[in-house]
Amino acid sequence: MPDKVAIGRLSLTDFRNYSELTLRFAGKHVVFTGNNGAGKTNLLEAISLLSPGRGMRRITYSEAAREGSTGGFTLFAEVEGMAGPATIGTTAGDEAEGGQRRVRINGAAARTNEALLDHVRITWLTPAMDGLFTGPAGDRRRFLDRMVLAVDPGHGRRVADYEKAMRGRNRLLSEGRFDRAWLEGIEAQLAELAVAIAVARQDFVRLLTILLERAPGEAASRFPKAAIKLTGFMDDQQALAASDMETRFAASLAESRWRDEAAGRMLEGPHRQDLEVVHAEKSMPAAQSSTGEQKALLVGLVLAHARLVGDLTGAAPILLLDEIAAHLDPSRRATLFSIIDDLGGQAFMTGTDAALFSALEGRAQFLSVNAGTVTETVFDG
Amino acid sequence: MAKRVTGPEIERLIQLLARIPGLGPRSARRAALHLIKKKEPLLAPLADALAVARDKVGVCSRCGNVDTADPCAVCADPQRDQSVIIVVEDVADLWALERAGAMNVAYHVLGGTLSPLDGVGPDDLNIAGLVERVAAGGIVEIVLAVNATVEGQTTAHYITDRLAGMDVKITRLAHGVPVGGELDYLDEGTLSAALRARTNF
C-alpha cells in the first residue's frame, strides 16, 4: 500500500464564513456533517487550495475572503506529505498584493505554486460536477486536465502557454495583421504545445483505461465500468511521431488563418478536444445514462484516477468528496467506503446526515459544522 | 485610513521608491527611513549618482545597450569580436551573459519580445536595427539568446525569418540539461529538447 498522506492540522483565517478556525485531524478519514449553508463545503474548498490552481470551486480570490475582512484570506496546514512532514501556507485576495495567490512551503516562499504537488495531491468530487457528462465539453476538458496535472505537473504550464499563444494568434488575425513571419513563429510554438498537450492527455487516458479495466471485483459489481476516449483533435494521427504531428498541425494552422479569422477563433486544436465517456457494459454514452448511473460512473472515474495517482507517485491522493452520499444507494455507499479505505489516502467527506456515514464508524473522525463553528461529535448512530 | 505621520516630501519619496521593482510599499518605507537616517553617507551620494545617471545615461543607438557613451562601451570595444552578435531581449540578459563571460562579442538588445496580447509588434522592438547591422556586412554569426518561453521562441522564429537569405549563420542557445543537473529530475520537454540538440563529444 502506498505511503499515507494526511493533513494533521488546518487553519483558516478570513476564509469564506470563517474568521479564525483551527482543526486538528487524527489521520483518519474526516466526515463533516451539518445543515445546508453551515460551511461544510467551504472547509473542503480550503483543503482543495492546498493544490495549485483555483480550487474546487474555481474561486475568484477576492470573493473567498470573509466579508468585512480587511485583506485576503490565509490558509495554513500541517501535512504528513509525500516528502515527509511539511507545512503549507497560502494567501490570496488582498488587493494590495495583486491577483496572485502566494504559497509558502516549510516557511519559505515557493518558487511556483506547482511545488505544492511535491507534497500533496488532491482530488475532488463535487455536486457541481454531476452534470459533467451532459454539460459543455470545456468542463470535461478541465476535469481531464486536472487529472492529468496530478500525474504530470508540467501539464498546467503547457496548457496555459498554449492558451496564451492561441489568444495571441487570435488577436493578430482579428486585427488583420497577417504578418506571415510572426504568425509562423506563433504557430510553430502552438504546434509544439498542442502536440505535447494531446500526447500527455492521450498517455493519461491510456493509463486510466488500464486501471478502469482492472477495477477490483467488488467495485466492478457496484460501480459501472466506464470506457473513456479522447476525440476532436488529430484523432486519426495518433500513430504518428510527435514531430510529424507538429509539422502537420503547423501546416494546417497556416492554411486555416483566413477561416479562423472569419470565425473569430481557432477552429482546430487540443482546445477542442472532448473526453468521451461510455457506460461500458451497456455501450451507452454516459450522457444518456440515468442520473444515478452518471454519478456512479463519475465516482468510478475519480476513484480510478486516485488509484492511478497512488500507483504513479507512491502516495494516494487526498480525496475531497462533497455531498458524496447523495445519489448513491446504501450498497454503493458501503462499497465506496471500502474502496476509499483500500486506496489508503485520507478522505474528507460532507453530508447533511451523519447516519449516511454510519458504515465508517471508528474509521473516521466525525465533525459537526454549525454556522462557522466545528465540534467533534461522538457517533451515536 | 491610518493617520499620516510624515510630510508630503517624505511621502513622495516613499511612493517613488515603491515603484522600483522588488520594493513594495512596506520596503519602500523602510528604504526611505534608512536613507533619511544616513543622510550624509548614503542619501547625498545616491542623489548625486541619480543625477549623473539622469544626465549621462542613454541607449546605445547601435545595439540598444544602456551606457553613458554612444556607441556604448561594448560596441566601441576593439578587443571584442564585432562580427558575432548575441541577440537578447533585455539589457538584464546582456548583463547576465557578460557575467558568464563565455564570449567576447557584440550584442543587440531587442527591448522585449513579440506579444500580440501586450500590443508589442515587430515595429516596437529593435529588430529593424538588427537587420540593418547584418545588411551593412561584416557579420558572420547571430546568436539568438532569447528566453525559452513561448514569446521568446516566437520572436526567435520571427528574426530568423527576417534574416533569411542574408549571408549570416544563425544559432540559438542550447535547450537542455542544466549544468549540474540530473537527468532523472528533468521534465520530458527538457529531456526531449536535450536529445534533439545533442552534440558531438
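May I ask you to rank A:47, A:228 by accessible area, largest first, using a 1.4 Å probe over the protein chains only?
A:228, A:47
Based on Cα atoms of the range B:36-97, Rg over Rh with Rh as the Kirkwood radius reads 1.14.
Relative to the longest principal axis of the Cα atoms of chain A, helix A:155-174 runs at roughly 40 degrees.
Order the peptides A:159-168, A:327-336, B:176-185, A:48-57 from the highest to the lowest mean number of other Cβ atoms within 10 Å of their residues.
Values: A:159-168: 19.3, A:327-336: 17.1, B:176-185: 9.6, A:48-57: 21.8.
Ranked from most to least packed, the peptides come out as A:48-57, A:159-168, A:327-336, B:176-185.
In debye to the nearest 20, how big a dipole does the range A:1-77 give about its Cα centre with +1 on each Lys and Arg Cβ and -1 on each Asp and Glu Cβ?
Here the size comes out at about 240 debye.
Give the A-B buried accessible area in Å², both sides summed, 1.4 Å probe, nearest 100. Could you put the intermediate results ahead of the total?
Values: alone 16990 and 13740 Å², together 29230 Å².
Chains A and B together bury roughly 1500 Å² of accessible area.
Once you wrap a convex hull around the alpha carbon atoms of the range A:1-130, what is its projected area averaged over all directions, in nm²?
Average of the hull's projected areas for the range A:1-130 equals 8.6 nm².
Among beta bridges identified by DSSP and lying wholly in chain B, the antiparallel ones come to about 20 percent. Ignoring ligands, DNA and RNA, what percent of the accessible area of the range B:85-201 is carbon or sulfur (1.4 Å)? Summing carbon and sulfur atoms, their accessible area is 53 percent of the total for the range B:85-201.
If you line up the long axis of helix A:242-255 against the longest principal axis of chain A, both from Cα atoms, how many degrees apart are they, to the nearest 10? Roughly 60 degrees between the two axes.
With all projection directions averaged, the alpha carbon convex hull of the protein assembly as shown covers 33.4 nm². Taken about its Cα centre, the protein assembly as shown carries a charge dipole of roughly 1080 debye when the Cβ of each Lys and Arg holds +1 and the Cβ of each Asp and Glu holds -1. Beyond 30 Å in Cα-Cα separation lie the following of the pairs A:28/A:295; A:28/A:229; A:28/A:282: A:28/A:229; A:28/A:282. Taken along its three principal axes, the alpha carbon spread of the range A:131-310 comes to 60, 28, 25 Å, from the longest extent down to the shortest.
Placing a pseudo-label 7 Å from each Cα along the Cα-to-Cβ vector at residue B:148 and residue A:137 gives an inter-label distance of 3.3 nm. Applying D = kT/(6 pi eta Rh) to chain B, where Rh is the Kirkwood radius over alpha-carbon pairs, T corresponds to 37 °C and eta to 0.692 mPa s, the Stokes-Einstein value obtained is 162 µm²/s. Could you pull out every one of the lysines with an alpha carbon less than 29 Å from that of residue B:38, ignoring same-chain neighbours closer than 8 positions? Within reach: B:3, B:56. Three semi-axes describe the equivalent ellipsoid of the range A:167-248; taken as square roots of 5 times the Cα gyration tensor eigenvalues and ordered largest first, they are 39, 14, 9 Å. Between 0 and 90 degrees, rounded to the nearest ten: what's the tilt of helix A:330-343 against the longest Cα principal axis of chain A? Helix A:330-343 and the main axis of chain A meet at about 80 degrees.
Placing a label point 7 Å from the Cα of residue A:106 along the Cα-to-Cβ line, no residue of the range A:1-43 has its backbone N under 12 Å from it. Taking a sphere under 13 Å around the Cβ of residue B:109 and counting the other residues whose Cβ falls inside, with K and R at +1 and D and E at -1, yields a net charge of -3.
At 1.4 Å probe radius, can you tell me the per residue accessible area of chain A in Å²? Provide the component values of the computation, followed by the final result.
On the way: 16290 Å² over 381 residues.
It amounts to 43 Å² per residue over chain A.
The charge dipole of the range A:131-310, taken about the Cα centre with unit charges on the Cβ atoms of Lys, Arg (+1) and Asp, Glu (-1), comes to about 520 debye, rounded to the nearest 20. Working value for the range B:8-56: equivalent-ellipsoid semi-axes of 18, 14, 9 Å, each the square root of 5 times a Cα gyration tensor eigenvalue, largest first.
The values are calculated or read from the model by the stated rules, or taken from the named source; none is laboratory data. In this text, all values refer to a predicted model and were calculated from it rather than measured experimentally. Glycine also receives a Cβ, built like all others from the backbone with ideal geometry; neighbour counts cover every protein chain displayed. Calculation scope for accessible area: heavy atoms of the full protein, side chains included, ligands and nucleic acids excluded. Shrake-Rupley method; radii C 1.70, N 1.55, O 1.52, S 1.80 Å.
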